[in-house]
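The block underneath contains the structure these notes are about, expressed in structure tokens.
The values are calculated or read from the model by the stated rules, or taken from the named source; none is laboratory data. Everything quoted here is computed from the prediction, not taken from an experiment. Note: ideal-geometry Cβ built from the backbone for every residue, glycine included; neighbour counts use all protein chains shown. Please note that ligands, DNA and RNA were not included when accessible areas were found on the heavy atoms of the full protein model with its side chains. Shrake-Rupley method; radii C 1.70, N 1.55, O 1.52, S 1.80 Å.
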Number of protein chains: 2
Amino acid sequence: MVDRTQQPRALGVAVIGMGNVGSQVVRMLQVHGDELRQRVGAPLELRGVAVRNPHHDRGIAPELVTTDTESLIARPDIDLVVEVMGGIDPARELIAKALTAGKSVVTANKALLADYTSELAQLADRHRADLCFEAAVAGAIPVVRPLIQSLSGDRINRLVGIVNGTTNYLLSAMAERSDRYEDLLAAAQELGYAEADPTADVEGHDAAAKAAILASLAFHTRVTATQVYRQGMTRISAEDFAAAAAEDCTIKMLAVCERVDAGPGEPAIADGGKERLAVRVYPALIPRKHPLAAVDSAFNAVVVEADNAGRLMFYGQGAGGAPTASAVMGDLVMAARNKVHGGRAPGESVYAELPVAPIGDILTRHHLRLTVSDRAGALAAVAGEFARRGVSIASVRQQLDGSHAQLVVLTHHARESVLDQIAKSLAALDSVTSVTSVLRLEGTEE
Amino acid sequence: MVDRTQQPRALGVAVIGMGNVGSQVVRMLQVHGDELRQRVGAPLELRGVAVRNPHHDRGIAPELVTTDTESLIARPDIDLVVEVMGGIDPARELIAKALTAGKSVVTANKALLADYTSELAQLADRHRADLCFEAAVAGAIPVVRPLIQSLSGDRINRLVGIVNGTTNYLLSAMAERSDRYEDLLAAAQELGYAEADPTADVEGHDAAAKAAILASLAFHTRVTATQVYRQGMTRISAEDFAAAAAEDCTIKMLAVCERVDAGPGEPAIADGGKERLAVRVYPALIPRKHPLAAVDSAFNAVVVEADNAGRLMFYGQGAGGAPTASAVMGDLVMAARNKVHGGRAPGESVYAELPVAPIGDILTRHHLRLTVSDRAGALAAVAGEFARRGVSIASVRQQLDGSHAQLVVLTHHARESVLDQIAKSLAALDSVTSVTSVLRLEGTEE
């Protein structure tokens, strides 16, 4: 008989969901078994794969495949659960059951995490299991772990990211080709860069979920997706890109998470600790020289600004089966290592509990395009609306467009609520035919 | 009496060395005590600072300051040691003593780690302490932790980095202003961007130490600084930049770590696992569209290419007191957290033990500038030398330079040993007045 007393016990892995990411995770477990064993300190064995349709041939031994996810997770020989099925239900309950049974969970489920990290992290704590989710934000790019660990001794002030591949692909294509949004979307759907129902991406829901996760980690505060101000990018046009180019800018779908001062009438930070957070997702102009301006197509990037580290950028592939699976596997190796050597991954840290400010209280810069009928009088009337509400204008451009003129106004920083009122007042002016577009400008020092 | 049973014990921190980094670490410990306590789960208390000159006023309570480093480390109320004194001795012995006493150590000492990680990591393992060194490579940029943890489930193939701020500052300045190296160095020294003795930076010793650390982590193999092929950047001239610009390239001091195939006559990877590593540091041309080309001045960046993650880039401030201290503090919080909650940071993983190939075996592309006396005959003679040794030329440019002509040859990939022989043969040709410069070209697919 072989003496196995010195052999560490193999760890059993269950993979829930066999889409793009799940099938890559299974492949990597099967191909790199020997390397993984040495990195973990024990063999990692794939012991079950939960799928919806068991008859689809996936090249996996049939005895590993099941549709009974609950029973798979409950099996005593499963130590680690990889959840890559997506969606809130039943993922939420399945993960809760796994954690309650002391099994560590690796998930890429941003929609779930954006709203239920708190509940799940508490379960993980209580049952001394790991809950890891590097893959939930920005695919292969290590950003969750750097925020939780590497920057844990610093103070993060702002985080600006391109965290959705579909919208970045669409906006990059629009910047290059100035096709219409509808045509680009159809092409992207054909190429597999956009879903048949693109709502979650183009309306910013996906980015908002990721912004909630990033803000929670960066500011040690529980932020949920519903607290994230969100605007889609479906109304961005080739004209918006032309107008952005005139300011030496491009347009990107941005997730912005930052600390902001207390609102007016509230005690300042120094007095009462009334610091707040602003978390928002929208298409915005950014200067071409900003590091995020060069992040094209399906790539993602996150810029982090911290007191001591200064400005950091993390860049890479934000989506796709293999890149996302790379992040899942990194988490799986670390969670497995903790099972072998003891210890736990650092979990949620939400002691700060900073309030999230309503969008109206945030200071942003606006870029407004107006169609005006009367050039001579329009500029004075428009400028008057800004002046009356104390908003400083950085630049005004006038362009002739047939019989009408276009007026492009770029403001300095001002409160969103005031800028919003101004846009409404402008639309009511006699000399203004229409307020064609209102976009923010991000990534400038002023 | 206050009931303190529920209060976790405070952890004692000793800081060894009070230079730029040490003084920032002390400041951050003092200013952010409350936040750090919540992130660690216990108070972090600065209990001693070891310095060389106790009479220098640093604004620290005098009773904390000592010159007796050994006694400070040995104190039972010290749980964590931050070593930011630099140098091999006595840092090596001090860290060994701390680890042997079960104290976790956070260090930014790349020179030490490049050669002694193995010895120190074993001590850390044996005494269940943490040895953390995020700050040793690329300052504030999280790259050590992503390599050890985030990419632990992937297979890294190549890593190319700008990891020395001084040389990147000098080369960026040369690219902009085309001043002479000596003048730029003097200016950099005045600004504090270069040391009085710049040897460690400009000759590539600092980058080689970092390359050794990065290669060890990326390839799960012990690589020491002496195994890193190294060339300095002191002979780079404005003419080199002009020649690089003609190829739409710039020049950067690069650390390149990659997997390479087995040498000729040796079994291929598939047969005998004879994969090798190439680890080198030198100034090289890179295409202007390569992400590293835009990394200017004192910034650092590391590009990692992995099987599944694809290409990732990490960018930020690579040096300076506060950015480096940010990385130290992240390690300190994590090591302290492990003291409170149990567990250990993932340590060295060197199971692969891949051999490091000698530079002569590596395939690179060369960019040669020759001064030739006889334009008509020279091109044929020069081309003949490349052809005879089977090296394919990608492009040749001829430029008149007074009575002489300059010939600029860019090769495809070829073995360094062969390219070296060609350069020697070219210098011996009658029609070649001199081989003015030989540089590599990195960052192209072919």
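Quick check on my filter: what residues within segment B:75-97 are free of Cβ contacts under 8 Å to residues at least 24 places away in the same chain and assigned to a loop (DSSP other than H, G, I, E, B)?
Within segment B:75-97, B:Pro76, B:Asp89, B:Pro90 meet the criteria.
Taking the condition surrounded by 16 or more Cβ atoms within 10 Å (Cβ to Cβ) and over 20 Å from the mean Cα position of the chain (by Cα), does A:Ala414 pass?
Answer is yes for this residue.
Filter segment B:26-71 down to the residues that are part of a helix (DSSP H, G or I) and hydroxyl-bearing (Ser, Thr, Tyr), then identify the one that is nearest to the chain's Cα centre (by Cα).
Within segment B:26-71, the match that is nearest to the chain's Cα centre (by Cα) is B:Thr69.
So which residues in segment A:24-35 are open to solvent by less than 70 Å² (accessible area, probe 1.4 Å) and either outside the structural domain of A:Ala61 (by TED's automatic domain parsing) or at pLDDT 95 or above (or both), if there are any at all?
Result: A:Gln24, A:Val25, A:Val26, A:Met28, A:Leu29.
List pairs: first residue in segment A:242-254 and more than 27 Å from A:Ala208 (Cα to Cα), second residue of a type in the set (D, E, K, R) and assigned to a strand (DSSP E or B) anywhere in the structure, Cβ distance under 8 angstrom, at least six positions apart or on different chains.
A:Ala246/A:Arg397
Of the residues B:Ala243, B:Ala218, which single one is open to solvent by less than 20 Å² (accessible area, probe 1.4 Å), part of a helix (DSSP H, G or I) and within 14 Å of chain A (Cβ to nearest Cβ)?
B:Ala218
Output the number of residues of segment B:41-57 satisfying the condition of being within 23 Å of B:Leu11 (Cβ to Cβ) and open to solvent by 70 Å² or more (accessible area, probe 1.4 Å).
Adding up the residues that qualify gives 1.
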